[in-house]
Amino acid sequence: DQQVKQNSPSLSVQEGRISILNCDYTNSMFDYFLWYKKYPAEGPTFLISISSIKDKNEDGRFTVFLNKSAKHLSLHIVPSQPGDSAVYFCAARSGGSNYKLTFGKGTLLTVNP
Amino acid sequence: DAGVIQSPRHEVTEMGQEVTLRCKPISGHNSLFWYRQTMMRGLELLIYFNNNVPIDDSGMPEDRFSAKMPNASFSTLKIQPSEPRDSAVYFCASSLVTEQFFGPGTRLTVL
């Protein structure tokens, strides 16, 4: 069973517009959520995170929103740039000292000039 | 910092051969993770170590897979014997707290 789901395999956006990437989870024990970005032939790189005690975290052009009641989080990129074109993974951690992360399958974002 | 280092970057081998993937984590990190990425299953955790001790190996597909971490600066993932369905990109990651830092991956092709 997939505990972290990214239902959109791909998303295409115009440069300068907003990109919204979505992620749903099923495990209510998840207490920390992360987004990773991955370029071809490279490993995923950490982008932004949010604790379950918050509903929003912002870092420059990137904002993550968490809706615990809906078990849903989203990543907003504003404004989108061609260099943002990559695969974005949502990941979640169960509570406690266990640092294991569960990843979604990723969404390929393409930002068109 | 050099980041997580993996070798080799690419490996092509024939079915039945032994394959060893290597990883050097970021200095000071106390957790190390091995992942496998495929189109079908996405990024799946195979095994992770904390302070060089294997904590969770429930993701290791079968007995053909084994992993070791003899010290804080080195880990190996071995597949013996390898099969075509093992073809994938294998990532190593390390962490001190929750955020994991990934290596560039090893692309394994088993013919």
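Bear in mind these aren't lab numbers, they're just calculated from the coordinates by the rules spelled out. This is a predicted model, so every value here is computed, not measured. Ideal geometry is used to build each Cβ from the backbone, glycine not excepted, and the neighbour counts take in all protein chains shown.
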message = Take the residue pairs A:Lys5/A:Lys38; A:Lys5/A:Lys68; A:Lys105/B:Lys78 and return only those whose Cα atoms are more than 21 Å apart.
response = A:Lys105/B:Lys78
inquiry  = Spelling out what I want: for every residue of the stretch B:95-105, take phi, set θ = phi - 60°, compute 6.51 cos²θ - 1.76 cosθ + 1.60 (Karplus), and round to whole Hz; glycine and proline get x.
reply    = 8, 10, 10, 7, 5, 9, 10, 9, x, x, x
request  = Name the long-range amide H neighbours of A:Glu15: under 5 Å, sequence gap of 5 or more, or other chain; modelled H, no Pro or chain starts.
outcome  = A:Asn112
ask   = What aspartates and glutamates sit close enough to A:Lys56 to cross-link, taking a C-alpha to C-alpha distance under 17 Å and skipping anything fewer than 8 places away on the same chain?
value = A:Asp24, A:Asp31
query = Between B:Asp56 and B:Glu83, what FRET efficiency comes out of the Förster formula 1/(1 + (r/R0)^6) with R0 = 22 Å and r the beta carbon distance, rounded to 0.05?
reply = 0.40
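Using 1/(1 + (r/R0)^6) with R0 = 22 angstrom and r between the beta carbons of A:Ser51 and A:His72, what's the FRET efficiency to the nearest 0.05? Could the numbers behind the result be given before it?
On the way: r = 16 Å, r/R0 = 0.71.
About 0.90, to the nearest 0.05.
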remark   = Applied in sequence order to the stretch B:54-61, the curve 6.51 cos²θ - 1.76 cosθ + 1.60 (Karplus, θ = phi - 60°) yields integer Hz couplings, x standing for Gly and Pro, of x, 9, 9, 10, 5, x, 5, x
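Give the shape of chain B as rounded, prolate or oblate, defined through the alpha-carbon gyration tensor: a ≥ b ≥ c are the square roots of its eigenvalues, a/c under 1.5 means rounded, and otherwise the shape is prolate if a/b is larger than b/c and oblate if not.
Values: a/c = 1.72, a/b = 1.60, b/c = 1.07.
Prolate shape, in that a/c is at least 1.5 and a/b is the bigger ratio.
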Environment charge of A:Gly104, counting only residues whose C-beta is closer than 11 Å and scoring Lys/Arg +1, Asp/Glu -1 = +1
ask   = Cα gyration tensor of the stretch A:32-113, axes a ≥ b ≥ c as square roots of the eigenvalues: rounded (a/c below 1.5), prolate (a/b > b/c) or oblate?
value = oblate
inquiry  = Charges at C-beta only: +1 for Lys and Arg, -1 for Asp and Glu. How large is the resulting dipole of the stretch B:1-99 about its Cα centre, in Debye rounded to 20?
reply    = 180
ask   = Where nothing but the Cβ of Lys and Arg (+1) and of Asp and Glu (-1) is charged, how large is the charge dipole of the protein assembly as shown around its Cα centre, in debye to the nearest 20?
value = 240
remark   = The ³J(HN,Hα) series, computed from each phi in the stretch B:81-87 with the Karplus coefficients 6.51, -1.76 and 1.60 at θ = phi - 60°, rounded to the nearest Hz and given as x for glycine or proline, is x, 7, 10, x, 6, 7, 4
